[in-house]
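Everything on this sheet refers to the single structure shown next.
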Amino acid sequence: MGSASDRKDQPRSPDREPPVTGVIDGMLHAKNLRPEERQAVERICAQWANLDDILDAAAGPREPIGELLLEAGRLTRAQLDRALGEQQSSKERLGQVLVRHGWLDETELAALLAFQERLDATRAGRAGPLQLGNLLVSTGRITSEQLQDGIARQTQSHQRLGEVLVAAGAISEREIARGLKLQRILVGVALAAAFALCGSPKPARAASAGFGSSTMKVSATVLPYLRLQVLKQTSTLDVTPEDVARGYIDAPAATDLMARTNDRNGFSLSFDTRSNVFRKAQVTGLVNGLEIGPEGGLVHQPFTGNQMLMRLSYRFFLAPEVGPGSYPWPLQISSTVMY
């Protein structure tokens, strides 16, 4: 069996083209990933049920479409060099050259251009799973708290996130480099999966003198997925003397969440405590109400549709030692599908 680089330059036969899960597994097989990196990649890929999911996840430095196709295994270097040469002489766009050769079809080209458009490392407002900071958290290299601190420092310093995290002592330059490498691997995997979901994945192949037609049956395994987006979150809990005297504080409409899922079994929301400011709390705005203690709590949300908007309000019963003041928001919310 040849090396990974040998296999990349060899086209696959159309009748052996795998479904989406096979595409992903095939690309990851040749990558030297740590166990925690492989698990993080599998969790991310499990959320890709359609092309929009993949486009929403896209993150990383913007790259030319030729380099993206190399990373996704759709072109060989020789094919790209040939297409670039023809582009210079014909003055066509590179995508038009690729379509003319049959190395992409129009649908795949549209998906490729849409994917490329989403690649922009400077759009800090987007927080998809392929963002460097989220990858570092997913693989256990930094904590969520370190990421939030790094983002706050980045906003002030205008440095790259990796530089800020290294300067703060949260991570080494070597681990940042590995995180960037994992991000690039995932970009290639995401694009390969996008092509498969376009409905007509085609392998890289050499140009031929004639043209023919064929029929291909493509299947995809859709795994349960859940995407939880925080639309709004109050950052502090401001306790007044009146709240202390009363023994509790109300925080109406403090959290807005958007859940997207295809799991008919519903999903769970986990509320993890980040401070000891309260002895118990009541959460409203869920399908099922929730009361949690200092150790946090878990609640099941039944399936009510592919999209679910939740506006959460809270009543925090203050711990005896808590006095007036401004405290960091005491809860962190995470979610899982109900496998």
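The values are calculated or read from the model by the stated rules, or taken from the named source; none is laboratory data. Please read these numbers as outputs of a predicted model, since none were measured by experiment. In this analysis, Cβ positions are derived from the backbone assuming ideal geometry, glycine residues included, and neighbour counts consider all displayed protein chains.
Structure notes:
- In the stretch 289-323, of all residues being in contact (Cβ under 8 Å) with a residue 60 or more places away in the chain and assigned to a loop (DSSP other than H, G, I, E, B), the one that is nearest to E145 (Cα to Cα) corresponds to V322.
- When the criteria are applied in full, G305 fails the requirement of being within 22 Å of the chain's Cα centre (by Cα), surrounded by 15 or more Cβ atoms within 10 Å (Cβ to Cβ) and not assigned by TED's automatic domain parsing to the domain that holds I44.
- One residue alone among L298, L312 is closer than 14 Å to L257 by Cα and out of contact with any His (no Cβ under 6 Å at 6 or more places or on another chain), and that residue is L312.
- If you go through the stretch 147-190 and keep only what is more than 14 Å from L33 (Cα to Cα), touching a residue at least 60 places away in the same chain (Cβ under 8 Å) and touching an Asp or Glu at 6+ places or on another chain (Cβ under 7 Å), you end up with V187, G188.
- Failed item, numbered, when S326 is tested on (1) within 30 Å of A49 (Cα to Cα); (2) in contact (Cβ under 8 Å) with a residue 60 or more places away in the chain: (1)
- Inside the stretch 310-323, residues that are exposed (fewer than 12 other Cβ atoms within 10 Å of the Cβ) and either out of contact with any strand residue (DSSP E or B) (no Cβ under 8 Å at 6 or more places or on another chain) or not small (G, A, S) (or both) make up a count of 2.
- Residues located in the stretch 95-142, provided they are modelled with pLDDT under 90, under 19 Å from A170 (Cα atoms) and polar (S, T, N, Q): Q131, N134, S138
- A single member of I171, I185 is outside any loop (DSSP other than H, G, I, E, B) and either modelled with pLDDT of 85 or more or over 23 Å from L68 (Cβ atoms) (or both), and it is I185.
- Cβ pairs under 8 Å, 6+ apart, first in the stretch 105-119 and assigned by TED's automatic domain parsing to the domain that holds E63 and over 16 Å from A193 (Cβ atoms), second at pLDDT below 90 and of a type outside the set (G, A, S): D105/C198; D105/K202
- Checked against the criterion of being under 15 Å from the mean Cα position of the chain (by Cα), of a type in the set (D, E) and at negative phi, the candidates D105, D53 yield just one match: D53.
- Count - residues of the stretch 276-288 that are closer than 20 Å to P252 by Cβ and assigned to a loop (DSSP other than H, G, I, E, B): 5
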